[in-house]
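Q: First, the structure itself, so that you have it in front of you.
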Amino acid sequence: MLDIKLIREQPDKIKEGLNKKNADASLVDKVLELDNKKRDLLQEIETVRAKKNATEKKLIEEKDKEKIIQVLKQAKDFLSLKEKELAVIEDEYIKTMSLIPNPPLDSVPEGKDDTENVVIRQVGKKPKFNFVPQDYLTLGESLDMIDIKRAAKTSGSRFGILRRGGAILEFALIKFIFDKLTKKGFIPIIPPVLIKPRPFWGMGYLDRGAEEVYHLPKDDLYLVGTSEQMIGPMHMDEVFDEEDLPCRYVSFSSCFRREAGSYGKDTKGILRVHQFDKIEMFVFCKPEDSIKEHEFLLSIEEEIMKDLKIPYQVLDICAGDLGDPAVSKYDIEAWLPGQNKGQGQYRETHSASNCTDFQSRRLNIKFKNKHTGKSELVHTLNGTALALGRGILSIIENYQTKDGRIKVPRALWRYTNGTKIFS
């Protein structure tokens, strides 16, 4: 949620940002109108309340108490009516404010959708094969590492079972990444995957993305679509000590998405599924540090890819492809040589977003500024250490051999009980 002072002072700037994000810029005018109504009502209520309080004091002094009591009753009825009117306005105000996304930074490239994201760099040597590379599903099924047929039998489409080498690779990747990040000072956690409405709303994913979310109406709980949705609200209504910032977490969890907007895309395999495992980084920091922390998260994601020796490219995400909470975002796409009929293709494995104070304002997360003595909103950031399923399929395709086996990246040898190749 944005600061209403910013909207009051720079409405045109906010409208410009909303237009860049393909959002409804008229929301700015609507929220300002509601803000004015709210302030006028508050002023009216406070004026009448002050007069009522002054009149109540006269009950002790004045002789004509019946007349005063009648005036007080009228004031009480008036206040009751106006307070109900205010409650309606405030409810509409919050709903409208919740629909206004975080405007992109000026440095973010303009563009309407993912076709206009900007490639910053390509890193790593693409593997050269003396054979036509196969796709991960063909290889994974032939080596009994991936089973989508039995997953469909139990759960339906867009599910997969990792078996044998597939399961070993997932646990190896988890330990490899957790070891790396805990050494860098990240706090490891495994959070719940069910979340209540208020904290979920506070992360900014429900207002315009509810169609992607699994909801359990009987319990009024949601299944998280990514681990960050649970990490941010852990500190809801808390105040950090300044010396405890930045506070960095690394989290493992299963994630759940309806994939409502992906009809016909990646329907086979485990590239785009309803349930997947992910390792997520999350940062709470001082406002002046969020851009630096964003680059730090990206550097870790790149370090992981370099360690695994998987070729990749880094994208600067354009304004029209940013989610509501983010002011800027990087994606990493791994090179998958077996895709596109063996011609190869880059596919997303990581993202890193700077959400500034958009989430912390909704969740009321602050820090005590030692210099001013005041409590100020923290900035929040998130970054995918690795979407594990996509990491596994990236390894399968890049480390395949002519005879259909899969080599294990050297960085994972210590985590696979000495297994160096799956056959």
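Q: For region 315-423, build the convex hull from the C-alpha positions and give me its volume per residue in Å³.
A: Values: hull volume 17.8 nm³, N = 109.
Value for region 315-423: 163 Å³ per residue.
Q: Is there a quick way to get the dipole size of region 4-98? I mean about its Cα centre, with the Cβ of Lys and Arg at +1 and of Asp and Glu at -1; what is the value in debye to the nearest 20? Walk me through the numbers before you get to the answer.
A: Values: 23 positive and 21 negative charges, 44 e Å.
So the magnitude is around 220 debye.
Q: Compute the distance in nm between two label points, each set 7 Å from the Cα along the Cα-to-Cβ direction, one at Lys183 and one at Asn369.
A: So the two model labels end up 3.8 nm from each other.
Q: Okay, next question. Can you tell me the orientation of helix 290-308 relative to the chain, as the angle in degrees between its alpha-carbon axis and the longest Cα principal axis, to the nearest 10?
A: Compared with the principal axis, the helix lies near 20 degrees.
Q: Would you work out which of Met145, Tyr330, Gly111 lies farthest towards the positive end of the dipole of the chain? Charges go on Cβ: Lys and Arg +1, Asp and Glu -1.
A: My answer, from the dipole projection, is Met145.
Q: For Ile300, what charge total do you get from the other residues with a beta carbon under 14 Å from its beta carbon, if Lys and Arg give +1 and Asp and Glu give -1?
A: Numbers: positive: Lys180, Lys183, Lys184, Arg248, Lys292, Lys306; negative: Asp179, Glu280, Glu293, Glu295, Glu301, Glu302, Glu303, Asp307.
Result for the neighbourhood of Ile300: -2.
Q: Further question on the same structure: Once both labels are modelled 7 Å past Cα along the beta-carbon direction, what's the Glu116-Glu66 spacing in nm?
A: 7.5 nm
Q: Right, next: When only Cα pairs under 8 Å and 6 or more residues apart are kept, what is the percent relative contact order across the chain? Intermediate values should be presented prior to the final figure.
A: On the way: 800 pairs, mean separation 84.8, N = 423.
Relative contact order comes out at 20 percent.
Q: Now a separate question. Once both axes come from the Cα atoms, what is the angle between helix 11-20 and the longest principal axis of the chain, in degrees from 0 to 90, rounded to 10?
A: 30 degrees
Q: About its Cα centre, how strong a charge dipole does the chain have in debye, to the nearest 20, once Lys and Arg get +1 and Asp and Glu get -1 at the Cβ?
A: Numbers: 69 positive and 67 negative charges, 274 e Å.
Taking the Cα centre of the chain as origin, the dipole is about 1320 debye.
Q: By average Cβ neighbour count within 10 Å, what is the ranking of 41-51, 100-110 from highest down? Walk me through the intermediate numbers first.
A: On the way: 41-51: 13.4, 100-110: 19.3.
Order by mean packing, descending: 100-110, 41-51.
Q: In region 174-277, if the dipole is taken from +1 on Lys/Arg beta carbons and -1 on Asp/Glu beta carbons about the Cα centre, which of Gln275, Leu245, Pro191 is farthest to the positive end?
A: Going by the charge dipole, the pick is Gln275.
Q: Let me ask something else. Ranked from highest to lowest mean number of other Cβ atoms within 10 Å per residue, what is the order of the peptides 119-128, 296-305?
A: Numbers: 119-128: 12.2, 296-305: 19.7.
In descending order of packing, they fall as 296-305, 119-128.
Q: Mind checking the full-extension length gain between Arg164 and Glu348? Use 0.36 nm per residue of separation minus the Cα-Cα distance, one decimal, nm. Working shown, then result.
A: On the way: separation 184, 0.36 × 184 = 66.24 nm, distance 2.48 nm.
Result for the pair: 63.8 nm of gain on full extension.
Q: In addition: Run the dipole for region 381-423 about the Cα centre, Lys and Arg Cβ at +1, Asp and Glu Cβ at -1, nothing else charged, and hand back the magnitude in debye, nearest 20. Mind showing how you got there, number by number?
A: Values: 7 positive and 2 negative charges, 33 e Å.
The calculation lands at about 160 debye.
Q: May I pose another question? For Lys52 and Asp403 in one chain, what is 0.36 nm times their gap in residues minus the Cα-Cα distance, to one decimal in nm?
A: On the way: separation 351, 0.36 × 351 = 126.36 nm, distance 8.84 nm.
Fully extending the segment from Lys52 to Asp403 adds 117.5 nm.
Q: Once the Cα gyration tensor of region 4-98 is found, what semi-axes does its equivalent ellipsoid get, as square roots of 5 times the eigenvalues, in whole Å, sorted largest first?
A: Values: eigenvalues 351, 28, 9 Å².
Each semi-axis is √(5λ); the values are 42, 12, 7 Å.
Q: Turning to a different aspect of this structure: Would you calculate a helix-derived [θ] at 222 nm for the chain, using -39,500 (n - 2.57) for each DSSP H run of n ≥ 4 and dividing by the full residue count, to the nearest 500? It would help to have the intermediate numbers written out before the result.
A: Numbers: 13 runs with 170 residues, N = 423.
About -13000 deg cm²/dmol.
Q: With a point put 7 Å past each Cα toward its Cβ, work out how far Ser423 is from Leu221 in nm, to one decimal.
A: For the pair Ser423/Leu221, the computed spacing is 4.6 nm.
Q: Turning to a different aspect of this structure: Just for the chain, what percent of DSSP beta bridges are antiparallel, to the closest 5?
A: Values: 53 of 59 bridges.
The answer is about 90 percent antiparallel.
Q: Positive end of the dipole of region 4-98, charges at C-beta (+1 Lys, Arg; -1 Asp, Glu), about the Cα centre: which of Leu34, Met97, Ile45 has its Cα farthest in that direction?
A: Highest projection toward the positive end goes to Ile45.
Q: For helix 65-98, report the angle its Cα long axis makes with the longest principal axis of the Cα atoms of the chain; keep it between 0 and 90° and round to the nearest 10°.
A: The helix 65-98 is inclined about 20 degrees to the chain.
Q: While we're here: Taking the Cα centre of each part, how many Å lie between region 370-423 and region 137-166?
A: For region 370-423 versus region 137-166, the Cα centre distance is 20 Å.
Q: May I ask you to derive the FRET efficiency for Arg150 and Leu79 from their Cβ-Cβ distance with R0 = 51 Å, giving the value to the nearest 0.05?
A: Details: r = 65 Å, r/R0 = 1.28.
E between Arg150 and Leu79, to the nearest 0.05, is 0.20.
Q: Separate question: Residue separation times 0.36 nm, minus the C-alpha to C-alpha distance between Lys268 and Arg39: what's the value?
A: Details: separation 229, 0.36 × 229 = 82.44 nm, distance 5.45 nm.
Additional length available on full extension: 77.0 nm.
No value in this document is a laboratory result; all are computed from the given coordinates. The shown structure was predicted, so the numbers you read here are calculated from the model rather than taken from an experiment. Using ideal geometry, Cβ is built from the backbone for each residue, glycine included, and neighbour counts are taken over all protein chains shown.
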